[in-house]
Amino acid sequence: MQLPAVAVSQSPEDKFREYLASRPRPQRFTGQQRDLVHYIFSQHNHFDAEQLIDAMKQAGFTVSRATVYRTLAKLVDARLLRRLEVGPRTFYEHDYGYPQHEHMHCEVCGKMIEFQSQALETVMRDVCRQHLFNATGHTFIIRGTCAECNRARVTKRRLDLI
Ligand SMILES: [Zn+2]
Ligand SMILES: [Zn+2]
């Protein structure tokens, strides 16, 4: 399931270029970084650095592990990606051009389900206002078992009873 995209005026590549150029010490946009940005923004996904490295290698790209880790950190800083801490792992997903949403994480199959809730957004905004808190981000993940895994479990339990 993918939520509808949000209209943006710049391509992710242009936005990242602008970010690099605006640093106190401007940085060059390298070929490897371009491959990374294109690859990451070609589909909406929740991935960690190692999954990204494997997928890109399989797709025939040459990317160094150090470049991937460094570029992911910069993409987060440039607000193109957002970080998602799931247990001990760090996942990434599109922030730029993608609507605000929250997650449910299935602990059996690893699936990440996205949902939007106006009510949750209102609560977070109200709480921050009460505490005069200037929020820059948040992580809200519901852990548990998805519908399919639940069904599989019930079926297995039934079979065990026979
Ligand atoms: Zn599941
Ligand atoms: Zn997501």
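The values are calculated or read from the model by the stated rules, or taken from the named source; none is laboratory data. Bear in mind the structure is a predicted one, so any value in this text is a computation, not a measurement. Here the Cβ positions follow ideal geometry from the backbone for every residue, glycine too, while neighbour counts run over all protein chains shown. Side chains are part of the model used for accessible areas, which takes the heavy atoms of the whole protein and leaves out ligands, DNA and RNA. Shrake-Rupley method; radii C 1.70, N 1.55, O 1.52, S 1.80 Å.
Values for this structure:
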item	result
DSSP-defined beta bridges in the chain - what % are antiparallel, rounded to 5	75 percent
Kirkwood-based Rg to Rh ratio, the chain, C-alpha trace	1.04
Cleavage-rule hits, trypsin sites (Lys or Arg not before Pro), region 62-94, DSSP coil, Cβ neighbours within 10 Å at most 14	Arg79
Contact order normalised by residue count of region 1-67, Cα under 8 Å, 6+ apart, percent	27 percent
Solvent-accessible area per residue, Å², over region 1-141 with all protein chains present [probe radius 1.4 Å]	61 Å²
Rel. contact order, % - alpha carbon contacts under 8 angstrom, at least six apart, region 1-158	22 percent
Two-site label geometry, Lys57 and Val108: point separation in nm, points 7 Å out along Cα→Cβ	3.2 nm
Stretch gain in nm, segment Phe29-Cys149, where the contour uses 0.36 nm per residue and the Cα spacing is subtracted	38.9 nm
Sparsely packed chymotrypsin sites (Phe, Trp or Tyr not before Pro) within region 53-152, loop by DSSP, other Cβ within 10 Å at most 15	Phe61, Phe133, Phe140
Three-way shape label, region 35-78, alpha-carbon gyration tensor, a/c 1.5	oblate
Theoretical gain in end-to-end length, Gln2 to Ile142 [0.36 nm per residue, Cα-Cα removed]	48.6 nm
Under 21 Å from the Cα of Lys15 - lysines, other chains or at least 8 residues apart	Lys74
Angle between the chain longest axis and helix 31-40 axis [Cα atoms, degrees, rounded to 10]	30 degrees
Carbon + sulfur, % of accessible area of region 24-147 - ligands and nucleic acids excluded, 1.4 Å	51 percent
Convex hull of Cα atoms in region 70-109, direction-averaged projection (nm²)	3.5 nm²
For region 101-162, alpha-carbon Rg over 2.2 N^0.38 Å	1.66
Pairwise label distance in nanometres, Cys128 with Ala66, each label 7 Å out on the Cα-Cβ vector	3.7 nm
Mean ellipticity per residue at 222 nm, deg cm²/dmol - from DSSP H runs of n ≥ 4 across the chain, formula -39500 (n - 2.57)	-13500 deg cm²/dmol
Selected from Val68, Val108, Val127 as most flexible by GNM, with the chain as the system and alpha-carbon contacts under 10 Å	Val127
Gaussian network model of the chain, springs between alpha carbon atoms under 10 Å - residue of Leu80, Leu20, Leu132 with greatest fluctuation	Leu132
Residue of His138, His103, His94 that the Gaussian network model of the chain assigns the largest fluctuation, springs spanning Cα pairs under 10 Å	His138
